Amino acid sequence: MTTTPKDGGQALIRALENEGVDLLFGLPGGAILPVYDPLIDSSIRHVLVRHEQGAGHMASGYAHATGRPGVAMVTSGPAATNIVTALCDAHLDSVPLVCITGQVPLGAIGTDAFQECDTTGITMSVTKHNFLVTDAQDIPRTIKEAFHIATTGRPGPVLVDIPKDIVDPNNPHSAMEWTDDVEMDLPGYHPNIEVDPAGIAAAADLMRAAERPVLYVGGGILKARAAEALRQLVEMTGIHVVTTLMARGAFPDSHELCLGMPGMHGNFTAVTAMQEADLLIALGARFDDRVTGRIDGFAPDARIIHIDIDGAELGKVLRPDIAIQGDCRLAVEALVADFSANGTGDADRSAWRSRISGWQERFPLAYEPWGPGQALKPQYVIERLRDLTPDDTIVASGVGQHQMWASQYWNFDHPYTWINSGGLGTMGYAIPAAIGAKAGMPDRMVWAVDGDGCFQMTAQELVTATVEGFPIKVALINNSYLGMVRQWQEMFYDERFSEVFLSKDVPDYKLWAQSMGCEGMRVDDPDEIDAAITKANEIDDRPVVIDFRVMAEEKVYPMVPAGATNWDLVVPPSQADLPR
Amino acid sequence: MNVAAPEYRYHTLVVTVENKAGVLARVAGLFARRGFNIESLAVAPTDDDLFSRLTIVVDIESAPLDQVVKQLDKLVNVVEIRELHPGYAVERELMIVTVEAEPHRRDELVEHLDRAGGKVLSVGTDSMMLSLVGPPKRIDEFENLLRPFGIVELQRTGRVALAALDGEH
């Protein structure tokens, strides 16, 4: 848009352009209609979704993959409520999003008008902040503030609710005077990124002295773009690293000091090393219950250094010995500088290293091999996918067993290659998130690893992918069940299976995929897996769905039962009798 | 930040917020969803129209005070939070109360009222409406004194507070 905006709608589009927005995921409707007109003349590409939740998750996938804020725009009422799940998801995983919602005209607010809902009220607890704009003149400033809040400090979703009359050129309320310089007015928002040098020095001293230290790395490291600094710190100090579900890829899995994922379905070594540690250095991690297990039995001997951009995380779950509020990259760089200047100490960690390698030898990730007559092994499917795709493939996943297997069996050697719903655990996240990632990174191969329960929640976005030209690939890990719930019922409810069986034959995923313009395949035989993946990798003009028929009985191991401590990690049956 | 002395169950936070629509809902919603209990809440604009001040009395047995403060601080519209240690705050509250007051008991009632420093706002045939401004503890005591007379209706404002000046308790 090149002319000077004269009304709120034009101003909104110009303000988004000025923020560098290149892609907008959305779906028009009554209240937001006037904004869709100036959009035609804009440099911004709009991606028309099939459901507003999809727009939110696409914006999230885009943000994860690119590091830039994802932007969604939808109308009022049901559109706003449809995107609430995606906002809550982004809130829990600290994903920078800006969501524009239409609202009924100012004069109609509070009258239960058609498609009216209290969008800012509903989304107050699932956004970092939200705005209801009541004056067209305020639109440019509010958009600037929304992007600033979404992307600084601890990132998160920000919603801007815009009544129709202030963007409708036929309404005098929309009149405004555009200026290029707008000042933000946020007297209560001053995110602090600087780290306290005294805290860093004390942390470095503890790290030098520790005999059993573990770096507990969370998603904050990725948000802070600190993967490179982290690698320096690790190589300098020789301290082992665990990467949480939100941090997979923040440190390369193939590095000898990487122990992989901790937590409820973490591998034995990562979980046990944290339990046995005498020092945990938490970097951008929040001691989530899925990581700690029962909190009173978590890492009993460990002193704790906790570094996070969000001061409220420090002491929220556990009281750290050293709490440092600030940006993780600055903190890691400051630690590196301290070790450069003062050395890395001479703590004897040889016994610790040999215990770790002993655990790694005895307790690798393991599953029973496939036998004739069986359906596919889901872990094997993921291993083949891992080995047959490029190193920098972006993997998005849904939520459930397939998500855990993907996180466990993939080899994440690059940051920003793993996109999933960690905090909220949103089934159906994979397909729209993969589309958002592909939209942001068109030159990269993007695979969604999805479950059949998840697939049925958001599969319609494959229509979006086909029509808009985002050739993502979907590995459907199809066991005909809500697999993770089935696993809990098998292990903790005496195998009494309640409402977890979906259907063996319905839907026909291959036909469904084809009807949405995708290449559809079905694989039942292990010998067909490689050929199907290879074929999928070669297709770049449309999305691909491979329906992998896998064993329903397969369980995710290891597992810390809910309510148990991490000492009570259940290992696969083949490892049950080994000495720990 | 002051650390709460263990003998005090309640702490007072004086919170300066932007004077904008919905800010009180954000504060109240935060307390509700994080499971923090509010003992009392008073809110009014400050001398600067752009800002309002909330005096929030927090039950610190429901959550550590520093969690309450840090979470409040994350609200974009919250500009400043001052924690007033109970020993170092000047706190006042207003109570208006209608008490049963048959003519033969009025002298006794007024005696109590005078000693507490309260005022008679209105007199009915067999009841009186009184007001008292004072530290919350004094209001509590006066309320207890009135109970035997028979309280018809009572409204307290919740406390407002400012930091004590040098050395004052």
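Values quoted throughout were computed directly from the atomic coordinates according to the rules given, and no laboratory measurement underlies them. Everything numeric in this text was worked out from a predicted model, so none of it was measured. When we count neighbours, we look across all protein chains shown, and the Cβ atoms used for this are built from the backbone with ideal geometry, even at glycine.
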Any lysines whose Cα falls less than 27 Å from that of residue A:164, other than same-chain ones fewer than 8 residues away, would be A:6, A:128, A:144, B:20
Would you pull out the residues with amide H under 5 Å of residue B:89's amide H, same chain only if 5 or more places away, H placed 1.01 Å from N?
-> B:164
Output the peptides A:61-67, A:496-502 sorted from most to least packed, where packing is the average of other Cβ atoms within 10 Å over each peptide's residues.
-> A:61-67, A:496-502
Residue by residue through the stretch B:112-128, the couplings from Karplus 6.51 cos²θ - 1.76 cosθ + 1.60 with θ = phi - 60°, in Hz, x for Gly and Pro, are 4, 5, 4, 4, 7, x, x, 10, 8, 9, 6, 10, x, 5, 9, 8, 10
Ordering B:113-119, A:258-264 by per-residue average of other C-beta atoms within 10 angstrom, highest first, gives A:258-264, B:113-119
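With the Cα gyration tensor of the stretch A:279-360 giving a ≥ b ≥ c as the square roots of its eigenvalues, does the rule (a/c under 1.5 for rounded; else a/b larger than b/c for prolate; else oblate) give rounded, prolate or oblate? Walk me through the intermediate numbers first.
On the way: a/c = 2.19, a/b = 1.05, b/c = 2.08.
Note, shape of the stretch A:279-360 comes out oblate.
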Can you give the helix-only mean residue ellipticity at 222 nm for chain A, where every DSSP H stretch with n ≥ 4 adds -39500 (n - 2.57) and the sum goes over all residues, rounded to the nearest 500 deg cm²/dmol?
-> -10500 deg cm²/dmol
In Å, the Kirkwood estimate of hydrodynamic radius for the stretch B:10-84 over Cα pairs equals 12.1 Å
Please turn the phi angles of the stretch B:60-71 into ³J(HN,Hα) values with the Karplus equation 6.51 cos²θ - 1.76 cosθ + 1.60 (θ = phi - 60°), one per residue in order, whole Hz, x for glycine and proline.
-> 7, 7, 7, 6, x, 4, 5, 5, 4, 5, 5, 5
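Rg to Rh for the stretch A:8-174: what is it, with Cα atoms only and Rh by Kirkwood?
Details: Rg = 14.0 Å, Rh = 15.1 Å.
Reported Rg/Rh, Kirkwood definition of Rh: 0.93.
Beyond 16 Å, how much of the Cα-Cα pair distribution for the stretch B:90-163 remains, as a whole percent? It would help to have the intermediate numbers written out before the result.
Working: 1162 of 2701 pairs.
So the pairs more than 16 Å apart make up 43 percent of the total in the stretch B:90-163.
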Check each of the trypsin sites (Lys or Arg not before Pro) in the stretch A:1-83 and keep only those in coil by DSSP with at most 16 other C-beta atoms within 10 angstrom; list them in order.
-> A:6
If amide H atoms are modeled at 1.01 Å from N in the peptide plane, then the residues at a separation of 5 or more from residue A:418, or on another chain, having amide H under 5 Å from its own are A:395
At a temperature of 20 °C and a viscosity of 1.002 mPa s, determine how fast the stretch A:378-549 diffuses translationally according to Stokes-Einstein, using the Kirkwood radius over alpha-carbon pairs as Rh; express D in µm²/s, rounded to the nearest whole number.
-> 135 µm²/s
Among residues other than residue B:41 whose Cβ falls under 14 Å from its Cβ, what is the net charge (Lys/Arg +1, Asp/Glu -1)?
-> 0
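Write down the Å³ per residue value for the convex hull defined by the alpha carbon atoms of the stretch A:109-267. List each step's numbers first, then the result.
Numbers: hull volume 30.8 nm³, N = 159.
Spelled out: Cα convex hull of the stretch A:109-267, divided by residues, is 193 Å³.
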Roughly how many whole Å is it from the C-alpha centroid of the stretch A:361-413 to that of the stretch A:75-114?
-> 37 Å
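Using alpha-carbon pairs under 8 Å, 6+ residues apart, how would you state the relative contact order of chain A in percent? All intermediate terms of the calculation are to be shown ahead of the outcome.
Numbers: 1316 pairs, mean separation 81.1, N = 580.
Across chain A, relative contact order equals 14 percent.
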So what are the ³J(HN,Hα) numbers for the stretch A:519-527, from phi and the Karplus equation (6.51, -1.76, 1.60; θ = phi - 60°), rounded to whole Hz, Gly and Pro as x?
-> 6, x, 9, 9, 10, 10, 10, x, 5
Can you run the Rg to Rh ratio on the protein assembly as shown? Use alpha carbon positions and the Kirkwood inverse-distance Rh.
-> 1.03
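Hey, what did the stretch B:10-84 get for relative contact order, percent, Cα under 8 Å, at least 6 apart? Walk me through the numbers on the way to the answer.
Values: 128 pairs, mean separation 36.0, N = 75.
Here the relative contact order equals 48 percent.
Let me know the mean shielding of A:187-198 by other chains, meaning the per-residue number of their Cβ atoms within 10 Å of its Cβ. Display every interim value, and only then the final one.
On the way: counts 10, 14, 6, 2, 1, 0, 0, 0, 0, 0, 0, 0.
Taking all residues of A:187-198 together, the mean is 3.
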Can you list the residues, at least 5 places off or on another chain, whose amide H is less than 5 Å from the amide H of residue A:413, using H built in the peptide plane?
-> A:253
Hey, how many Å between the Cα centroid of the stretch A:494-526 and the Cα centroid of the stretch A:552-572?
-> 27 Å
Starting from the coordinates of the alpha-carbon atoms of the stretch A:197-362, obtain the Kirkwood hydrodynamic radius over all distinct pairs and give the value in Å to one decimal.
-> 15.4 Å
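How crowded by other chains is B:68-77, given as the mean number of beta carbons from other chains within 10 Å of each beta carbon?
On the way: counts 1, 2, 8, 4, 1, 4, 11, 5, 12, 5.
Counting Cβ atoms of other protein chains within 10 Å of each residue's Cβ and averaging gives 5.
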In Å and whole numbers, how far do the C-alpha atoms of the stretch A:449-580 stretch along each principal axis, longest first?
-> 52, 31, 25
Cut-off 12 Å between beta-carbons: net charge of the residues surrounding residue A:107, Lys and Arg +1, Asp and Glu -1 = -1
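Can you give the charge dipole size of the protein assembly as shown about its Cα centre, rounded to the nearest 20 debye, using +1 on the beta carbon of Lys and Arg and -1 on the beta carbon of Asp and Glu?
Details: 62 positive and 105 negative charges, 143 e Å.
The dipole magnitude comes to about 680 debye.
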How would you rank B:50-56, B:83-89, A:78-84, highest first, on the average number of other Cβ atoms within 10 Å across their residues?
-> A:78-84, B:50-56, B:83-89
